[in-house]
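What follows is a set of notes on a single structure, which appears directly below.
The values are calculated or read from the model by the stated rules, or taken from the named source; none is laboratory data. Quick caveat, the model's predicted, so the values are computed rather than measured. Cβ placement follows ideal geometry from the backbone for every residue including glycine, while neighbour counts extend to all protein chains displayed.
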Amino acid sequence: MKNTKRLLQNGIKIIPAFFIFINAPCLAADRDTSLRTDLNFNYTINEQFQSISYIFIQADKNISNYDYLEWATGLNYQTPLAWLSFLFYYQQGFSKVEPDNWLLEQRPSINMSTSATFYHFKISNQIRYEYRFTPDWNDYRIKNTLGISRPDIFLQPYIGWELYYENRDKAVMLNRIKIGIIKNIDKNISFGSYFRVDFSNIDHEWEWTRQLIGIQLTLKH
């Protein structure tokens with residue numbers, strides 16, 4: 001009971017700490033600060049198939065301009081192997097370049113997900129092959145996402161690492177590190193918050209270009 005109470009107290013302290021961190025003057029000097037809201041919807045069809053959808057909005061330019069919107073829908077197939085599944089996705093991203101001008105990017109993709117549990121830590125990895133259709137060019141991208149979490153405790157902490165390989169640049173162009181917590185409200189609803197830092201490949205040098213605070217809500221059926 002004492003451990004649960006201490007964990008709850010520490011978890012509650014994490015969220016305001018995120019906001020204090022992103023407002024530190026040393027961070028705002030030469031990199032952007034963003035706010036993102038994630039809404040996720042998962043519907044279990046049967047033991048093999050699950051419908052997965054999401055929509056999120058993002059405010060950039062130091063959380064002053066809502067300039068990006070993305071939605072996706074997909075079908076996840078759970079193979080007979082408990083550690084292996086495949087996800088077929090279709091995504092659309094809308095970027096605001098002017099107040100009344102939004103550019104559309106379409107991204108169909110196929111994803112392979114694997115997972116394993118070691119000493120209560122869940123380790124998951126997803127590799128995604130997606131093709132990007134933009135107004136100016138079309139090409140493919142490979143994204144790899146590695147995550148480590150503890151889904152068995154009251155406030156579920158996790159850490160993730162995302163890597164993006166852009167074929168049009170013939171190089172890895174983006175790395176992201178994310179830490180967060182998730183709380184299951186009940187079997188159908190979960191809520192969480194996370195902090196993310198982005199490192200971009202600019203002229204063959206890695207630069208910290210963005211910090212982002214995220215709030216996420218997931219509905220399951």
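Please determine whether any residue of segment 98-106 is in contact with a Ser or Thr (Cβ under 8 Å, 6 or more places away or on another chain), of a type in the set (D, E, K, R) and either surrounded by 15 or more Cβ atoms within 10 Å (Cβ to Cβ) or modelled with pLDDT of 95 or more (or both).
yes
Taking the options S85, S64, name whichever one is in contact with a strand residue (DSSP E or B) (Cβ under 8 Å, 6 or more places away or on another chain) and over 21 Å from A171 (Cα atoms). Let's see the steps before the verdict.
Values: S64 fails: in contact with a strand residue (DSSP E or B) (Cβ under 8 Å, 6 or more places away or on another chain).
Going through S85, S64 in turn, just one is in contact with a strand residue (DSSP E or B) (Cβ under 8 Å, 6 or more places away or on another chain) and over 21 Å from A171 (Cα atoms): S85.
Looking only at residues that are assigned to a strand (DSSP E or B) and touching a Gly at 6+ places or on another chain (Cβ under 8 Å) in segment 146-155, which one is farthest from F118 (Cα to Cα)?
So in segment 146-155, the residues assigned to a strand (DSSP E or B) come out as 146-149.
Cutting the leftovers down to touching a Gly at 6+ places or on another chain (Cβ under 8 Å) gives us 146-148.
Working: L146: 15, G147: 13, I148: 10 Å.
Going through the qualifying residues, I end up with L146.
Out of E205, E166, E130, I need the residue that is modelled with pLDDT under 95 and not β-branched (V, I, T). Which one?
On the way: E166 fails: modelled with pLDDT under 95; E130 fails: modelled with pLDDT under 95.
The unique qualifying residue is E205.
For Q92, indicate whether it is within 19 Å of the chain's Cα centre (by Cα), modelled with pLDDT of 95 or more, within 26 Å of W206 (Cβ to Cβ) and not hydroxyl-bearing (S, T, Y). Show your work before the answer.
Numbers: within 19 Å of the chain's Cα centre (by Cα): yes; modelled with pLDDT of 95 or more: yes; within 26 Å of W206 (Cβ to Cβ): no; not hydroxyl-bearing (S, T, Y): yes.
In short, no.
Could you tell me whether segment 73-86 includes any residue that is within 17 Å of Q126 (Cα to Cα), over 14 Å from the mean Cα position of the chain (by Cα), of a type in the set (G, A, S) and surrounded by 14 or more Cβ atoms within 10 Å (Cβ to Cβ)?
yes
Any idea which of (1) closer than 24 Å to M112 by Cα; (2) out of contact with any Asp or Glu (no Cβ under 6 Å at 6 or more places or on another chain) is the one H204 doesn't satisfy?
Only one criterion in (1) closer than 24 Å to M112 by Cα; (2) out of contact with any Asp or Glu (no Cβ under 6 Å at 6 or more places or on another chain) is unmet by H204, namely (1).
Can you name the residue in segment 174-198 that is buried (at least 18 other Cβ atoms within 10 Å of the Cβ) and of a type in the set (F, W, Y) and, of all such residues, is nearest to K61 (Cα to Cα)?
Among them, the one singled out is F195.
If the requirement is being free of Cβ contacts under 8 Å to residues at least 24 places away in the same chain and among the β-branched types (V, I, T), which of these qualifies: I179, I148? Can you show your working first?
Details: I148 fails: free of Cβ contacts under 8 Å to residues at least 24 places away in the same chain.
Answer to the check: I179.
I'm trying to understand the selection: among the residues of segment 97-123, which are hydroxyl-bearing (S, T, Y) and more than 19 Å from D152 (Cβ to Cβ)?
Of the residues in segment 97-123, the ones hydroxyl-bearing (S, T, Y) are 109, 113-115, 117, 119.
Within segment 97-123, S109, S113, T114 meet the criteria.
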